[in-house]
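So the structure is just underneath, and the comments pick up after that.
The values are calculated or read from the model by the stated rules, or taken from the named source; none is laboratory data. None of the values given here were measured: they were computed from a predicted structure. Glycine gets a Cβ as well: all are built from the backbone with ideal geometry, and neighbour counts include every protein chain shown.
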2 protein chains.
Amino acid sequence: MTGAADDRDARAALSFLAEPGDLVLGAMLRQACPAEVLALTRSDHDLLPGLDRLDPGTVSRAVSRWRARLASVPSPGWLAMWAGGPLRLVCPGDPEWPTQLDDLGDARPLLLWLRGAADLRFACLCSVSIVGARAATGYGTHVAGELGADLAGAGWAIVSGGAYGIDAAAHRGALAVGGCTVAILASGLSFGYPRGHQELFDMICQTGLLVSERPPDQAPTRPGFLVRNRMIAALSRGTAVVEAALRSGALNTARQAGELHRPVMAVPGPVTSDQSAGCHELIRDGRATLVTGACDVVELLTPLGEAQDWDPAANRTGRTGRDPAVPPGVIDPVTAGVLRAVPARAGRGPATIATLAGVDLDTAFRCLGLLAAAGYVERCDQGWRRRRECGS
Amino acid sequence: MTGAADDRDARAALSFLAEPGDLVLGAMLRQACPAEVLALTRSDHDLLPGLDRLDPGTVSRAVSRWRARLASVPSPGWLAMWAGGPLRLVCPGDPEWPTQLDDLGDARPLLLWLRGAADLRFACLCSVSIVGARAATGYGTHVAGELGADLAGAGWAIVSGGAYGIDAAAHRGALAVGGCTVAILASGLSFGYPRGHQELFDMICQTGLLVSERPPDQAPTRPGFLVRNRMIAALSRGTAVVEAALRSGALNTARQAGELHRPVMAVPGPVTSDQSAGCHELIRDGRATLVTGACDVVELLTPLGEAQDWDPAANRTGRTGRDPAVPPGVIDPVTAGVLRAVPARAGRGPATIATLAGVDLDTAFRCLGLLAAAGYVERCDQGWRRRRECGS
């Protein structure tokens, strides 16, 4: 058995050996801890005892592949050095780890490098991916920017890939209204691909996040983009495609979102535009729902019975009375139940709140933490109470 | 009992008394012949014996309504006079009557006035409606024109309403490739609404048809447009909407097509265009299938297993080897079965063809007539044979 620090160091070292999304590593980590897998790779042995449910040949070939890269693992001090800079390392089990990544099964990232002001787990609670063509038209750029701005203005975090075209327009739309946006890069964060987006990436870090599962200084690889797309799909409640040609990478993200049972949405465009052909194909084949704007997206991604009245313009100009990071209609039903159990005045202990909401104490604490972060509730002498400006 | 000529005269007279789509008249004509209903209207009585399945009050009110208009029925010679001009009158049971209008039940037209070179029943066998906004954008006009041209070039008759905007663009697209197009007017044919389309209407008559159920000199009425839309929906295999604002009349045609179980299609456009909002709503709500061009339309309207390879450009420029009005993939399965029973050389009698095709003699004759009109088969000394240029 190893401690949490060993676990982090081992994950970081393994991230230099295995490609992101390595399914053999993912399967091994279901049965062994990262330090054990790293030790095996550094040893002369080919098999770990206890991995009897995996094909020995597959494991052996994978370990040989990783072993060939052992020289690329930096010296022991590198993790401390990087962690001293603007980057932070988040591993499964950390408070900031977004648990929806567990939906990826063995393809779950080994770790995440983050840079930026937002909390990844919290941001992704209410998030939507906007993806599309790099060679976007003026129409697509306009629509992606509006969609990003309207959704971010309504409290949704905008997840995208930081690429030229639609991705950048969606990020910029969110930034324009002071919203939260998350760019998942296929390169390491210090490498920052595409290079021409350094300024955009710096702006994203002010209020949002840059995310990568690659070591900070690594360039992207061609298959790495597809592997990255699974994270864009998994981290958000749903994926909207704005402009995609028939062979666009954005269609891969849409497919991965569909396989993860996340709603897939597509914005139509002129049938005379090749850059909308992929969107039209998704809609025609029933693989995506047609959306024309933020209202359609919110309607699709908000659980039934929680429909909300909202006006993007009002949100954007700050005309709403409250200032939550998550609008009431879009918190999940369990959290909403906990919120209902929190009294407006006085205060109530977490055990009573848990009982009233019909959840266990751990869940109550998790929800109260999220609600506090979103400005809905606050601690007081008697426990928890609603914050004044939140109404009922 | 009355003869066929009396029946026509009575229907023509009744068309001056009842509005198109009058459901009470339709219900009465299921139990009485037109001459009897006309005689009742001209009499002092309120009820016809034998109409016991209809509410007497409803019948009485309808007859009073019609009676008030008796003075508007022209003198006995008017039908002969009109029929001597470019117009022709088609009644249920006539060879040119399109039997798919029977799907309208009691709202089936009393009669149709036609003008133009085409045979209505034959044209509508393989037809598609293209409808949309009068206030069309350049984009919509372009798309409707291309769709009309590509489909007409492939042998489809283009049905529309003869209005400004999308309707006119679809008609013109068909005319541009020498195809067949059918304009269903809400006004009488001599009145020719909209007046600004006289030249277009004259061109349509060269190869296609003008159709109306109103007496020739009557202006359109506001409800008459909606009543007319049911005919556009009923006469074609399916209806495609190209540009429609949220309250466009084209959405009414789409709804009627849906109620008649005809496929409804919609062409998307920029989400920034109000003129595409109705199309997007139809698609998003699952009331229409997204189509981007003629290929999508043909795929939707061609029975499964009869998919065809065709190239609109090849059809338009006449590069295909044969010259049928109906491509082989789009004739109905029964007719296709009859075609298969017609030998390539020699000739075969209609009774043998009927037996081989598994249909009755009447059906065989009907199909052979259609196939002959489409250039697939021809009469010979021994019965029927395929025309040389049709291959197998």
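Only one of the numbered conditions (1) crowded, with 23+ Cβ neighbours inside 10 Å; (2) out of contact with any helix residue (DSSP H, G or I) (no Cβ under 7 Å at 6 or more places or on another chain) is violated by B:Ser127, and that is (2).
Taking B:Val264 and the conditions (1) within 11 Å of chain A (Cβ to nearest Cβ); (2) of a type in the set (A, V, I, L, M); (3) farther than 16 Å from B:Val143 by Cβ, which numbered condition does it fall short on, given that it satisfies the others? Unmet condition: (1).
One residue stands out in segment A:331-361 among those that are without any contact (Cβ under 8 Å) to a residue 40 or more places away in the chain and within 23 Å of the chain's Cα centre (by Cα): the one that is farthest from A:Gly383 (Cα to Cα), namely A:Pro333. Only one entry of A:Leu151, A:Leu111, A:Leu101, A:Leu200 meets the criterion of being within 18 Å of the chain's Cα centre (by Cα), farther than 29 Å from A:Glu281 by Cα and either among the hydrophobic types (A, V, I, L, M, F, W, C) or within 14 Å of chain B (Cβ to nearest Cβ) (or both), and that entry is A:Leu111. Of the residues examined, B:Asp217 is not one that is of a type in the set (Asp, Glu), touching a residue at least 12 places away in the same chain (Cβ under 8 Å) and buried (at least 24 other Cβ atoms within 10 Å of the Cβ). Just need a number here: residues in segment A:253-294 that are without any contact (Cβ under 8 Å) to a residue 40 or more places away in the chain and either more than 16 Å from B:Asp296 (Cβ to Cβ) or not assigned by TED's automatic domain parsing to the domain that holds A:Val128 (or both). Looking only at that region, the number is 11. Checked against the criterion of being touching a helix residue (DSSP H, G or I) at 6+ places or on another chain (Cβ under 8 Å) and of a type in the set (A, V, I, L, M), the candidates A:Leu87, A:Leu110 yield just one match: A:Leu110. Condition first: of a type outside the set (Phe, Trp, Tyr), surrounded by 15 or more Cβ atoms within 10 Å (Cβ to Cβ) and at pLDDT 90 or above. Can you find one or more residues in segment B:49-59 that meet it? There is at least one residue in segment B:49-59 that is of a type outside the set (Phe, Trp, Tyr), surrounded by 15 or more Cβ atoms within 10 Å (Cβ to Cβ) and at pLDDT 90 or above. Suppose we filter segment A:73-84 for residues that are modelled with pLDDT of 80 or more and either loosely packed, with under 11 Cβ neighbours inside 10 Å or over 27 Å from A:Leu114 (Cβ atoms) (or both); how many remain? Within segment A:73-84, residues that are modelled with pLDDT of 80 or more and either loosely packed, with under 11 Cβ neighbours inside 10 Å or over 27 Å from A:Leu114 (Cβ atoms) (or both) number 1.
Summed over segment B:249-261, residues that are surrounded by fewer than 23 Cβ atoms within 10 Å (Cβ to Cβ) and either under 12 Å from B:Leu282 (Cα atoms) or within 14 Å of chain A (Cβ to nearest Cβ) (or both) total 3. Scanning segment B:258-283 for residues that are modelled with pLDDT under 95 and in a helix (DSSP H, G or I) gives B:Gly258, B:Glu259.
Do the conditions hold for A:Ala135, that is, is it in contact with a Cys (Cβ under 7 Å, 6 or more places away or on another chain), surrounded by fewer than 18 Cβ atoms within 10 Å (Cβ to Cβ) and among the small types (Gly, Ala, Ser)? For A:Ala135, the condition - in contact with a Cys (Cβ under 7 Å, 6 or more places away or on another chain), surrounded by fewer than 18 Cβ atoms within 10 Å (Cβ to Cβ) and among the small types (Gly, Ala, Ser) - is not met. For segment B:273-290, the set of residues classified as within 15 Å of A:Ser273 (Cβ to Cβ) and more than 7 Å from chain A (Cβ to nearest Cβ) consists of B:Ser273, B:Ser276, listed by residue number.
Yes/no per residue for (1) part of a loop (DSSP other than H, G, I, E, B); (2) polar (S, T, N, Q):
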residue: B:Asp9; (1), (2): no, no
residue: B:Pro20; (1), (2): yes, no
residue: B:Leu25; (1), (2): no, no
residue: B:Gln31; (1), (2): yes, yes
residue: B:Ala35; (1), (2): no, no
residue: B:Asp44; (1), (2): yes, no
